Every structure is written in C-alpha cells, then in structure tokens.
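The values are calculated or read from the model by the stated rules, or taken from the named source; none is laboratory data. Here the structure is a predicted model, which is why all the values come from computation and not from measurement. Cβ: placed from backbone, ideal geometry, glycine included. Neighbour counts: every protein chain shown. All accessible areas refer to the heavy atoms of the entire protein, side chains included, with ligands and DNA or RNA removed. Shrake-Rupley method; radii C 1.70, N 1.55, O 1.52, S 1.80 Å.
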There are 2 protein chains.
Amino acid sequence: MNALSELHPARVAIGLNAVLAVVERERPKVLCVRSENGLWRLPYGPFDPERHRTFEIGLREWVEKQTKVSLGYVEQLYTFGDKGRDAPLAALAGGAAGDRIVSVGYLALAPEPAAVDAADAAWRDWYEFFPWEDWRDGEPPCLGDAILPALARWAGGARARDAAAARRDRIRLAFGLDGAGWEEERALDRYELMYEAGLVAEAARDRNLQPARALAGTGADMASDHRRILATAIGRLRGKLKYRPIIFELTPPEFTLLTLQRIVEAIVGFELHKQNFRRSAEQSGLVIRTRRTAQQTGGRPAALFRANRLALKDRAGKGLTIPRLRLAPAFSLGRT
Amino acid sequence: MNALSELHPARVAIGLNAVLAVVERERPKVLCVRSENGLWRLPYGPFDPERHRTFEIGLREWVEKQTKVSLGYVEQLYTFGDKGRDAPLAALAGGAAGDRIVSVGYLALAPEPAAVDAADAAWRDWYEFFPWEDWRDGEPPCLGDAILPALARWAGGARARDAAAARRDRIRLAFGLDGAGWEEERALDRYELMYEAGLVAEAARDRNLQPARALAGTGADMASDHRRILATAIGRLRGKLKYRPIIFELTPPEFTLLTLQRIVEAIVGFELHKQNFRRSAEQSGLVIRTRRTAQQTGGRPAALFRANRLALKDRAGKGLTIPRLRLAPAFSLGRT
DNA sequence: TTAATAATACTCCGGCGGAGCATATATGGG
DNA sequence: CCCATATATGCTCCGCCGGAGTATTATTAA
C-alpha cells in the first residue's frame, strides 16, 4: 500500500476565488466582476506556485492589486474540483478543453465596501442571487410561488418510491418544512437541491440544454459554479456567527446596537428580537459602550459601542446569540 | 480587473490525504502508513483528473483499493498548499525538486477498525502524536514538565516587547491558561504554536537543522506536514461533535450509554459527567433504547441503545452535549 | 452473605434565552 | 408649548438546559 510510488505527475491548474463580503446600509454585498458572457462572477485569480509561498499570500496579492482593498479577515472555505465545473472555466482561461481547474474558495470580510476602480466590478446584494434566503420581510414569495411547488414536482418525479421519499426528506430538512424549522446556515443544501432539481439556470447550462432556462424566482445565475461557492460562503458565515465573534469584521469602528443588529440580520436573513439581542450583546462582553451617542436615530439617541478587541481574542469561542423572532411557518410538501 | 486573462497555466500536482479515524477500546485511532524514512504518514493518493470526476470519488477509490475499507462518512477538511511542505513530498513522489504539491485533506470516520492487509499500514492511537491532547487521566505531564516552560521561554525570547506579549496571549488562549479554559477543539492552534516555537521535530526538520531534534514529550513526528493535517482533523471532529450527531459514525450498531460516553471521551480527550451525559443523550432523541441489555459490565446490566437514524437526519442540527467534569486548572506563564 | 462495580433515578439550582411591558428621550407638526 | 411618533433603553416573568451531587438498584466475584 505504498501510495507514493503511485503518485504520478498529473497536473492541474489552481485558481483562487474570493467571496469578499461587506454589509452596506442593511444589505449584504459581495464583490462581483462582469464576466465575458455577461454573467456576474466572483473575483478569480490564478495561484502561481513560483511566486506565492501560500494560497493566502497569493489571494491577498491579487485582490489588492485588482481592487486596492487590503484584505483583513480571510478564511479558506472549500476546494472545488468537480468535473463539469471546469469546462467553461478552462475555456475562458484559454486552456485546452478538458483541462482541469481546481478552485480554492476563500471568504473575506471587510467593514465597508471599498471603492472599486474597475468598470466591470461592482458590489452586488447577495440576495440578488439567492432571493429565497432573505426572510427579513417575511417569507420570500418566490418560495411558495415557485420553488417549493417545483421541488415537490421533482420529488414526485423520482423513479422509485423510496427515491421520492428520500427527495422529500431532503427538501423538508433543507427548507425547514413541516415544522422542521428554517436553518439559515443550510444555504448550500438549498442551492444544491435546486440545482439537482434543475430549477436554477446553472443546471440547465451545465446539462447543455439550449437555451438555458430556469424557473422564475430562482435568482440571477452566475458564471461557472460561482453561485455554489457563494452559497458555501453564506452558509459558513451564517453558521460561524453563532460561535465566533466574526461579525465585528463587518462593523464600522463605532456602531449602535441597532446597527449591529441590522448587520446580523442582513447576514442571517431574518429579523431578530430587539430587546433580547441588546441584552445578550451587552452581556457578552464583546462590545464596549463609549460615551458618545448617535443623534440621527429618529428617536431617542442611541449609545455608540465599539468592539472589545480584548474579548474578541479571549472569547474567541463565543459568538453573538441570535434571538429569533418568529418561528418558521410550517410548510408542507403534501404527502410526507 | 479581468483576472481571467492573467490565468496562466501553471500546474501543480494534487494529492488527497485521508485521516481515517475510528475508536477502538477507548482509544481514538487513525490509519497510518510507514513511510520510507521510517516515520508514520497518512494514507496518501494522487488525484487523477482524467479518471475521477470529483475528489471524493478519487479518495474513496484508492482508499478502498489500498485498505479494503469502503468509506462511510467523508468530509473535506482543508487544502494545504504551503511551500516548504512540498519539498520532501515531491522528492518522495519522484518529482523534480521544487515541484509544488497541493494536498486536499479529508476526514473519514468508521465504526470499527478494518483489518488492513498491508504490512506497512497500521491503526495508531492519535495521542501518540499528540500526548498533550489527552486529559482523560488528568493533566498530561508533558504539558507542565516540558511544553509550557518551553513555550514561555520562546515567548520571552521575542525581539520586541509587544511581540513577547502577543506570543504569551496566543499561548494563553490556545492552552487555556490563566483561567481561559482548555478548548479541546483548538488542537491545531496548539500544534502550530509548538511548531512555530520549534518544539516539535517537524519544525527542526523543515528548518534543516541537523539532526532534527525535538523537545521530549512532544509526541511522535510524522512525515511531511501530516501531523498538521491530523491536528486539523482532530480539531474539526471535536468541534463538530457539539453541533452535529457525527459521533454515531463511530459507534457500533448497539452500545450502552457508557460505551457512547467513552467514545466521546476518547475524541474530546477528557472525562465527562456521567449522569448528565446520560440525561442529555436520552433526552436528545438521538438514541433509541432497545430491549436488550449488556451483561458483562462488571455491575448492573446496562441497557443497549442504537442510533436513531430518523433523528440523525431530522436533528442534523444538533449534537450531543458535552458535560465537562472538572474545570481546567489555572496555569500561568508568569507575567501576563 | 458481603463487597465491589456499575447502572439508573432523582433533586437542587443558577443562568440563558424567549416574550413582553414600561419608561425615557429625541424629532416634527400644530 | 403640547402632542404624536419613533426609537432607545430598562426591567420582569418564566421555562428549560445543563452543572453538581445524592440515593437506589442490579449484577458479579469473593
């Protein structure tokens, strides 16, 4: 079982993808670039093993060069190597067809959107690509109107009865139906189900259906598998909020508790219980009250807070609590 | 900012590393292979982009071929691409010096150790490589005797005063000193600190110190950066236990609650409060009481349980609670 | 029969988080 | 100046979870 002797020198190209996220005026945004076929894509750079000692160094370098933003928080997300995702990428990259491109996805956070000087780059609200993930104004209409019915049809269309039941189970879990409860961090599960069911434009595109048609209400598609990478980032960020004080990578130096709450809400995609959020935020020790107040609140002035840098290190094991407001309504797929 | 045009066809080889973990008689074990220089290494296989549609398919295929184990639970851990880690690997692989090898690490779990038929493969207790991570019999002697004093010296040896304070801070957090509390999932932080401080053999080896000497009590070293990969796996598994019912990937079909507790303890590296563990395990709905009992307990017979497959899917969002027994003793590095 | 060893059953209690009510301090309009 | 409106902020009530410990029950070995 000496595997090393079997290690033959098959080579692949490695690309680095950054999901650079900010929250601006209650909107979560990611840095996007207009790709040659008109779709948005994530900033993408090659990894040059000659020049970069580590992936992260390489990533920081080309992001800084391209966007003049120096990255603060950076975390590796996942490495994507599936076949199928590479064909369009390899073509764009000028490689031979069939060249395999592996992407290492990274999540980067910044407190405010940097000005981008390139004409084809822009900050886009991420719910543009995932409208069903934003419950801040109640249940997104596209869910009940289009997505869930289509998923139910897909489940029913399975060959075997077991398979249909298994599909229904997955849908129920991912979308929190039948009282299972919406888990915001399952963004990737939801996207992958929709992809598998052929609801999103990428699915039609990857299966060479012409023209690539998607169900209305399933959001804008992105180049290659970038929407999958973005879903991974959203899920990771949402999950991590609960156990790491990562939210303060997205806050300005000073903020009111309501501002902080709005930033959290933008990320998790639903509204929080205000008083309980304040209580746990103050008790967490993660924020420090300054003596100043914000006056333009439209009501009583709000105390300004700043992140407690010490606690951010010490209590690295804790995050803010997410006091949910309303229970997810109990959808059903019919038979279960 | 069109990055695609900059995507040049630099190629690297991709390897897949598996941390295949089991718990056998209260010992957590990983599948290891004896490498050519006598050190243990993780099973390692090349990723062949021609043959494998996804990484995971490739991983499963060669692990099954090499070990006759068909992998159940598999999860991607991290992708390691740092320079420095590749030189020895590339040499072993017969590649040219300077060839870059990127490793995608995977964590795989199985309920019992499969018989391995290769002479150079074996299941090794992972605390052989991380003796400081096992607190089940109280504080590991190597910590206070060797590791913490050496780390304190390293911190004190920093050039600037700030740097020394920063080092002490990192040590305090990673090892839970001064009442910060031992966080078992920080296994990677601890290993990386020890590597940076030059305490582990790999550090001396990578810095070309001859002979590579390590502090006594810092565990057995592994080939290449495999101990780092293993530390990543341990930390990930320990963290995930708390919020996913992943422990049941490691249990036999039926088990007593004490057996389950011992498996958890083997992973997290400390003892749990027995009564509270039972209470939360039963209440979690993750286990189902069978009618049978285990008689050979040495005392009153114990009820046998099995995993509740339904709940494992439904309550995928929950894990077992880890009721800690004793508080970590309050070490100190002296000045803080 | 007794000691040893576990398994199992309860109790007590503090804190966290869900839910809601009450009060304080702004602004803008009559 | 007074009032409606909009927030910010303070406080209460309560159930559940999890930390800690005590008591009782069912085996096996001496």
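For a quick check of your reading: which helices (runs of 4 or more DSSP H) sit entirely within the range A:117-196 and have at least 1 residues that are among the β-branched types (Val, Ile, Thr)?
Details: elements: A:148-156, A:161-175, A:187-196.
It comes to A:161-175.
What number of residues in the range B:10-28 are touching a Pro at 6+ places or on another chain (Cβ under 6 Å) and under 13 Å from B:Leu250 (Cβ atoms)?
2
Please list, ordered by first then second residue, the pairs with beta carbon atoms under 8 Å, 6 or more apart or interchain, first in the range A:135-162 and touching a residue at least 24 places away in the same chain (Cβ under 8 Å) and among the small types (Gly, Ala, Ser), second in a loop (DSSP other than H, G, I, E, B) and loosely packed, with under 13 Cβ neighbours inside 10 Å.
A:Ala146/A:Ala216; A:Ala152/A:Gly334
It is to be established whether one or more residues within the range B:178-185 are in contact with a strand residue (DSSP E or B) (Cβ under 6 Å, 6 or more places away or on another chain), modelled with pLDDT of 90 or more and closer than 17 Å to B:Glu133 by Cα.
Within the range B:178-185, none of the residues are in contact with a strand residue (DSSP E or B) (Cβ under 6 Å, 6 or more places away or on another chain), modelled with pLDDT of 90 or more and closer than 17 Å to B:Glu133 by Cα.
Of all residues in the range A:142-185, which are acidic (Asp, Glu) and either open to solvent by 40 Å² or more (accessible area, probe 1.4 Å) or on the phi > 0 side of the Ramachandran plot (or both)? Steps first, answer last, please.
At the first step, the residues of the range A:142-185 found to be acidic (Asp, Glu) are A:145, A:162, A:169, A:178, A:183-185.
Once the filter is applied, which keeps residues that are acidic (Asp, Glu) and either open to solvent by 40 Å² or more (accessible area, probe 1.4 Å) or on the phi > 0 side of the Ramachandran plot (or both), the range A:142-185 yields A:Asp145, A:Asp162, A:Asp178, A:Glu185.
Considering the range A:258-304 alone, what residues qualify as being open to solvent by 30 Å² or more (accessible area, probe 1.4 Å) and acidic (Asp, Glu)?
Correct list: A:Glu271, A:Glu282.
Name the pairs: first residue in the range B:263-289 and among the polar types (S, T, N, Q), second residue more than 10 Å from DNA strand C (Cβ to nearest atom), Cβ to Cβ under 7 Å, at least 6 apart or on different chains?
B:Asn276/B:Pro323; B:Ser280/B:Leu320; B:Ser280/B:Thr321; B:Ser280/B:Pro323; B:Ser284/B:Lys318; B:Ser284/B:Leu320
Within 14 Å of chain A (Cβ to nearest Cβ) and away from DNA strand D (no atom under 15 Å from the Cβ): does that describe B:Gly269?
no
Does B:Leu241 count as more than 20 Å from B:Arg167 (Cβ to Cβ) and open to solvent by less than 20 Å² (accessible area, probe 1.4 Å)?
Here the answer is yes, as B:Leu241 does meet what is asked.
Which of the residues spanning the range A:13-49 are in contact with a Cys (Cβ under 9 Å, 6 or more places away or on another chain) and open to solvent by 20 Å² or more (accessible area, probe 1.4 Å)?
Result: A:Trp40, single match.
Residues that are within 12 Å of chain B (Cβ to nearest Cβ) and buried (at least 21 other Cβ atoms within 10 Å of the Cβ): does the range A:186-198 have at least one?
Yes - at least one qualifying residue is present in the range A:186-198.
Condition first: modelled with pLDDT of 75 or more and on the phi > 0 side of the Ramachandran plot. Now tell me which residues in the range B:79-115 satisfy that.
Scanning the range B:79-115 gives no hits.
State all residues of the range A:53-76 that are at the interface with chain B (Cβ under 8 Å from one of its Cβ atoms) and open to solvent by 10 Å² or more (accessible area, probe 1.4 Å); if no residue qualifies, say none.
Passing the criteria: A:Arg53, A:Thr54, A:Trp62, A:Gln66, A:Gln76.
So which of A:Ala163, A:Ala150, A:Ala122, A:Ala180 ends up being out of contact with any helix residue (DSSP H, G or I) (no Cβ under 9 Å at 6 or more places or on another chain) and of a type outside the set (D, E, K, R)? Step through it out loud before you land on a result.
Values: A:Ala163 fails: out of contact with any helix residue (DSSP H, G or I) (no Cβ under 9 Å at 6 or more places or on another chain); A:Ala150 fails: out of contact with any helix residue (DSSP H, G or I) (no Cβ under 9 Å at 6 or more places or on another chain); A:Ala180 fails: out of contact with any helix residue (DSSP H, G or I) (no Cβ under 9 Å at 6 or more places or on another chain).
One residue alone meets the criteria, A:Ala122.
Condition first: near DNA strand C (Cβ under 8 Å from one of its atoms) and at pLDDT 85 or above. Now tell me which residues in the range A:301-327 satisfy that.
A:Pro301
Name the residue, out of A:Thr232, A:Thr293, that is more than 27 Å from B:Gly239 (Cβ to Cβ) and of a type in the set (Val, Ile, Thr).
A:Thr293
Give just the number: which of (1) more than 7 Å from every other protein chain (Cβ to nearest Cβ); (2) assigned to a loop (DSSP other than H, G, I, E, B) does B:Pro49 not satisfy?
Condition not satisfied by B:Pro49: (1).
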